[in-house]
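We did not get these values from a lab; they are worked out from the coordinates using the rules stated. Please read all numbers here as calculations on a predicted model, not as lab measurements. When we count neighbours, we look across all protein chains shown, and the Cβ atoms used for this are built from the backbone with ideal geometry, even at glycine.
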Amino acid sequence: MLAYRPRLSQVLAVLLALSSVTVQASPDSIFINAKVYTADEVQPFAQAFAVEQGRIVAIGRQEEVLARKGAGTHVVDLEGKRVLPGLIDAHTHAVIAGLAAQSPNLNDTELDIETVRQRAQAWLKADQYGAERPLVVFGVNPSTLDNPQALSEAFDTDVWASQPLLLMGSDLHTGWANRAMRAKASIDARYVQDLAKHLRHAIGVGSDGEPNGILIDAGIDQVTLQLPKPDTRTLLEAGRFAVQTYNRYGVTAWMDAAANAGPGEALFSRRARSTGTGILPAYRELAQAGALTAHVAALLVASPQSDTADLDDLASVREQFLGIPNLTLPGIKIFADGVLEYPAQSAALLGKYRNSGKQGALLLQTEGWRALVDAADARGLLVHIHALGDRAVQESLDAFEVARTKRESGIRHSITHLQLVDDRDYPRFERLGVIAVMQLHWAELDNYLLDLVKPYISEAEFMRQYPAKSLQDHGAVIAGASDWPISTPNPWEAMHRAMTRQGPGGGLNAAERMDRADMLLAYTRHAAQAIGLESQIGSLVEGKLADFIVVDRDVLDVDVESLKDTQVLATYFAGRKVYGVR
């Protein structure tokens, strides 16, 4: 007798039936009585949703979702609260923020030098610092650094004659090192003379030709390379602090924009075939401890002196951290310039700084820059460029345009910070598919803008800082970001600032105010695109991960002043509650 052989059509019918059974299986949880904002264009609002194995399997009207309930389904009544997708920070240095929080920190407070000296003395007495363990003080307001002679008088005598000290600017682009720290880093007049011309601005020099302690960008690298690398326990503690802080604010994903950097590593200087791992081990430790309750898209910094061959070295770093749950490594970050604030003035302008007549410094040479971006795009790597000055932004767009003319990779590259953008470049973001990742918490008048920027640029330039609305009106996708620890990780405060352009120091160009709907998209769907995870997160739709938050007020309707005080009642990551108020 011949064995029975089912026809192919019969086999397919059985498989489809089994698939249907799987799809219709009872969900683990159903969340009801909710005012759900989904951030989805097709279905922006819902009343209930079902979660199975960490993903949304149904969302919409309550009675339709409840029809999926099975014997083992847990039903959660959200009591009419507003629900949103988990928020996403498209540019942060979360673990560095954790390290800074564990360290001596002035928290960006404007202080006179004598107060800084007293606090440094107290930290010195409280811990075991010495010639081999420099004291690093984080969060130093740049205004503190504008008098290097006074800093030398405070920190180059007595105990400080042998105690290395680094005052790290709160912008992480400027700093001051005392004489003992400069000696440890071999920074002297000969070192400055031997620097390439385009790097000499990185070391401040006095009238006598000797370094005065001011460090800018690559100059900071020369000092941070002398710092001890954090041990595993310290990194894990910093990582826990970062995750817990973000979950408390409702953030369930972020882009770590310089994950291969940290104490003992360089950001701006070329590390000859270096394979430094920076703070990446923190994410591995968190994942192993089951504590990485967020998606992290970690970028590796390609230094401004990199060439295309350096992408192979970065690939070797990437390979060490593949397969870690909730961690992706989608691409690279490039620094195009520095910052506008005095004394650094290292952001690259189309115009000139009034005090010096200089235009700031591009950190990359045009041809090498374009080749690096093109090679990264060809490899399928996301490219994220730091650019504050309008000349740096323009050159960044030029580099992306070269890659776009060769291929349509589909990768959503991005430029971040965008303090100044030439209006002729506004439409290029949409045309080139480049996302504008903006830290709009900075869009207000504080001492940075009033004292350290305004005196040194034209009034027209000053008024067009952070042109979010103009970019959006020309078709750009705006993604929200903090640059923590440079500013607060609280996205609700950043949304408020973007919508009002007002802060304690006053307002900055009300014509650039964003509206509420656009800011909610900036921290959800648009930010998901910027970090390369839009197929997984960023909106609450069937098939995506159940990352969502419950808040204490209806953020779609409350007045803008109330918005900034929003409190997150619960944060869910892949359907599991990872933060909640009692």
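Shape call for segment 364-495 from the C-alpha gyration tensor, a ≥ b ≥ c root eigenvalues: rounded (a/c under 1.5), prolate (a/b greater than b/c) or oblate? Because a/c hits 1.5 or more and a/b exceeds b/c, segment 364-495 counts as prolate. Summed over qualifying helices (DSSP H, 4 residues or more, each -39500 (n - 2.57)) and divided by its residue number, the chain shows a 222 nm mean residue ellipticity of -9000 deg cm²/dmol. Is segment 95-224 rounded, prolate or oblate when judged by the Cα gyration tensor, a ≥ b ≥ c being the square roots of its eigenvalues, rounded requiring a/c under 1.5 and prolate requiring a/b larger than b/c? Here segment 95-224 falls in the prolate category. Counted by neighbouring Cβ atoms within 10 Å, the residues Thr488, Thr328, Thr144 run from fewest to most as Thr488, Thr328, Thr144.
Taking the fewest neighbouring Cβ atoms within 10 Å as the starting point, the ordered list for Arg391, Arg133, Arg404 is Arg133, Arg404, Arg391.
For the chain, give the share of DSSP beta bridges that are antiparallel, in percent and rounded to the nearest 5; count only bridges with both residues there. Counting DSSP beta bridges with both partners in the chain, the antiparallel share is about 45 percent.
With +1 assigned to the C-beta of every Lys and Arg and -1 to the C-beta of every Asp and Glu, and no other charges, what is the dipole magnitude of segment 95-224 about the Cα centre in debye, to the nearest 20?
Once rounded to the nearest 20, the dipole reads 320 debye.
Summarised in one figure, the compactness ratio Rg/Rh of segment 287-383, Cα atoms and Kirkwood Rh, is 1.11. Could you tell me which residue out of Ala58, Ala498, Ala218 lies farthest along the dipole of the chain toward its positive end? Charges go on the beta carbon: Lys and Arg +1, Asp and Glu -1, centred on the Cα centre. Farthest towards the positive pole: Ala58. From the Cα gyration tensor of segment 134-200, with a ≥ b ≥ c the square roots of its eigenvalues, which class applies: rounded if a/c is under 1.5, or else prolate if a/b is larger than b/c, or else oblate? Note, shape of segment 134-200 comes out oblate.
Of Lys35/Lys577; Lys184/Lys454; Lys35/Lys544, which ones are farther than 30 Å apart at the Cα?
From the list (Lys35/Lys577; Lys184/Lys454; Lys35/Lys544), the Cα-Cα distance tops 30 Å for Lys184/Lys454.
For segment 422-442 versus segment 185-247, the spacing of their alpha-carbon centroids is 30 Å. Each of Glu401, Glu110, Glu461 has some number of other Cβ atoms within 10 Å of its Cβ, and from fewest to most they run Glu110, Glu401, Glu461. Which whole-angstrom value gives the distance between the alpha carbon centres of segment 23-51 and segment 275-330? Taking the Cα centre of segment 275-330 as reference, the centre of segment 23-51 is 33 Å away. Just to be sure I follow: if Rg is taken over the C-alpha atoms of the chain and Rh is the Kirkwood radius over the same atoms, what is Rg/Rh? Computed over Cα atoms, the ratio is 1.01.
Contact order for the chain, expressed relative to its length and based on alpha carbon pairs under 8 Å spaced 6+ residues apart, stands at 16 percent. Taking the centroid of alpha carbons for each part, segment 502-527 and segment 130-178 are 35 Å apart. Placing unit charges on each Cβ (+1 for Lys and Arg, -1 for Asp and Glu) gives segment 360-501 a dipole about its Cα centre, and among Ile478, Val421, Gly389 the Cα reaching farthest toward its positive end belongs to Ile478. Relative contact order for segment 95-224: 21 percent, from Cα pairs under 8 Å spaced at least 6 residues apart, divided by residue count. For the residue pairs Lys229/Lys352; Lys81/Lys564; Lys333/Lys564; Lys81/Lys333; Lys69/Lys564, the alpha carbons lie more than 27 Å apart in Lys229/Lys352; Lys333/Lys564; Lys81/Lys333; Lys69/Lys564.
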